[in-house]
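Novice: Shown below is the structure under consideration.
The values are calculated or read from the model by the stated rules, or taken from the named source; none is laboratory data. What you see is a predicted model, and the numbers here were worked out from it, not measured in a lab. With ideal geometry, Cβ positions are generated from the backbone for all residues, glycine too; neighbour counts draw on all protein chains shown. Quick note on the areas: whole protein, heavy atoms, side chains included, nothing else; ligands and nucleic acids left out. Shrake-Rupley method; radii C 1.70, N 1.55, O 1.52, S 1.80 Å.
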Amino acid sequence: MDDIEKWPEIAKAATGNRRELVLQGPSVDGRISSNGGLTSAIYSLTLLNYLEVSQSPSLTAIHEDIRHLTNLQSLILCRNKLASVPNVFGSLKSLRVLDLSVNNLGVLPEGITQLRELNTLNVSCNSLEVLPEGLSQCTKLSSINISKNRITRFPADFYSERLDLLSTLVASDNTIDQLSGDIHKLAALKVLDLSNNKLSEIPPDLSDCPKLKEVNFKGNKLTDKRLEKMVNGCQTKSILDYLRGKGRQGEDGGDADGSRKADKGKRQQQRKKKEKVADEQEEVEELNKMVVRVLHVSDAPTALTVKVSAEVKDVRPYLVCCVVRGMNLKPGNALKRFLVAQTKLHDDLCAKRTTATIATHDVQLLKAPLIYDVKSPTQLKIAPLGRREMTAVELIRHLQLEADELRKQKKRQNVSGLHKYLQILQGKAFYPCLVDAEGHVISFPPITNSEKTKIKKTTKELFLEVTSANSLQTCKHVMDALIVKMAELNKFTAEHQEEPGSDGEGEGPQEPPTSQETSSELIVQQVRTVDHDGNLKVVYPSKTDLSEDISNLTVIW
């Protein structure tokens, strides 16, 4: 019998109209075991767009009521003991990410082929012997991982021109014994891993995949021993060149008359034309590409965590954070451009900080762990940017005096700078703040952050925080926009080869830029925020974040 009191995470998600829910670990597993499965209350959370239930060996089945969660965009059910999943998965029409890895699945329901928005499918580490016919109907698929199963071959319709976005196919550690020459129809394929299978041949047509950059056929016993040596020791380009040569030899062997020679020449011309078009497209893509790589919190044992006190609920309850590496602030006006962009986001997207506030810190200057808390105006003490340390009361008094003076000088009511945000705090008995391990306030939203953690040209890792009194989704929307803008600025910096500038902070002689500094790729490290008891509130970014349709932005999970 369900007992909702045993599931505080679900109760909070329901009362707070939350869009994300994560259930994982021994505590959750124990409740699933005693309840005989997931509580039915979870299927009433129809606003959810991200649901993760993982690391629960007692979870062996999912009820058909999951069909009610029609807003789900990401469904993560990995590292459980699922023996089957219901066919009603096909009702989850908004689903983009489906992760069923590390379970006991022997078959996938045909309903999965009805997921028209599906972008990422991970069913690795199961006991699957076949894939369902009809996957080519999932025309937005870009990544498939079926590794470590018992699959013998791909469905007949899999080699389809309809899968024109499929760029990554990982099928290692199966028993696949045949790869069709129609593989070349997967025009977007960049990564193909068929290592440790039962292949004896690799079709020459594979060399006609115009964007293919990485292949892995190690661990297959090929009849062509020279090719077998190549796949175990050569670069992808050499392997594809060899396959291309084999294709030409096959054509030569069949030249019995002039028509075959003509056909051969025509095919060679078509191949060259296709390669030229692909090269030109790839060159344009490379020039415009912005890459954001997400580092999962589980891959970083020392990842930052922010604890949120219960008292912020009535003051400024919503917070998301992350760490960004690879942002090059050294050259020319790179730092200034970033600060200007942040100000513009505050004025536009954040509606002059009334809906949300951004703060940035130098990770090297942070003293973890961090606590998002509240303090009274007299207790909150901070060293504001460019000022001496003072209490919030003193800071606000200074800002009010400065604002009055500015009004007199400029003879107008409007003021600029921090002064225009003072009205947001009017009438508040407590102020929100982010506090480090030494008790120092490093952020006082929506007014200022601290001189102690101020970013400089030499900053290599940035801690980003977005707070809001409106909603968690507002925080995520603003953080998404900030990271996209950082990717744009980093790309601009990498392309414009500016001389290292001086920000007047006495940094001394400039070192030559490293390869990391000349790259425009950003690495975004996930950061968890947890409540006072250590229960997860939110992790950013999740797989539903950074999902805006920006053609030249590639997010690698």
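Novice: Could you tell me which of the residues 85, 102, 97 is hydrophobic (A, V, I, L, M, F, W, C), touching a residue at least 60 places away in the same chain (Cβ under 8 Å) and open to solvent by 10 Å² or more (accessible area, probe 1.4 Å)?
Specialist: Numbers: 85 fails: touching a residue at least 60 places away in the same chain (Cβ under 8 Å); 102 fails: touching a residue at least 60 places away in the same chain (Cβ under 8 Å).
Answer to the check: 97.
Here is a yes/no grid of residues against (1) of a type in the set (Gly, Ala, Ser); (2) modelled with pLDDT of 90 or more; (3) open to solvent by 50 Å² or more (accessible area, probe 1.4 Å); (4) within 22 Å of residue 452 (Cα to Cα):
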| position | (1), (2), (3), (4) |
| --- | --- |
| 326 | yes, no, no, yes |
| 331 | no, no, no, no |
| 336 | no, yes, yes, yes |
| 339 | no, yes, yes, yes |
| 343 | no, no, yes, yes |
| 351 | yes, no, no, no |
| 365 | no, yes, yes, yes |
| 368 | yes, no, yes, yes |
| 380 | no, no, no, yes |
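Novice: Same structure, new question: Would you pick out the residues in the stretch 445-474 that are closer than 17 Å to residue 392 by Cβ, in contact with a Lys or Arg (Cβ under 9 Å, 6 or more places away or on another chain) and in a strand (DSSP E or B)?
Specialist: 448, 467
Novice: As an exercise: evaluate residue 39 against (1) of a type in the set (Val, Ile, Thr); (2) exposed (fewer than 14 other Cβ atoms within 10 Å of the Cβ); (3) in contact with an Asp or Glu (Cβ under 8 Å, 6 or more places away or on another chain) and give the number of the one condition it does not meet.
Specialist: (2)
Novice: Identify the single condition in (1) open to solvent by 50 Å² or more (accessible area, probe 1.4 Å); (2) within 21 Å of residue 189 (Cα to Cα); (3) part of a loop (DSSP other than H, G, I, E, B) that residue 211 does not satisfy, given that it satisfies every other one.
Specialist: Exception for residue 211: condition (1).
Novice: Restricting attention to the stretch 42-77, and to residues there that are open to solvent by 30 Å² or more (accessible area, probe 1.4 Å) and of a type in the set (A, V, I, L, M, F, W, C), which single residue is farthest from residue 90 (Cα to Cα)?
Specialist: Per the stated criteria, the residue is 47.
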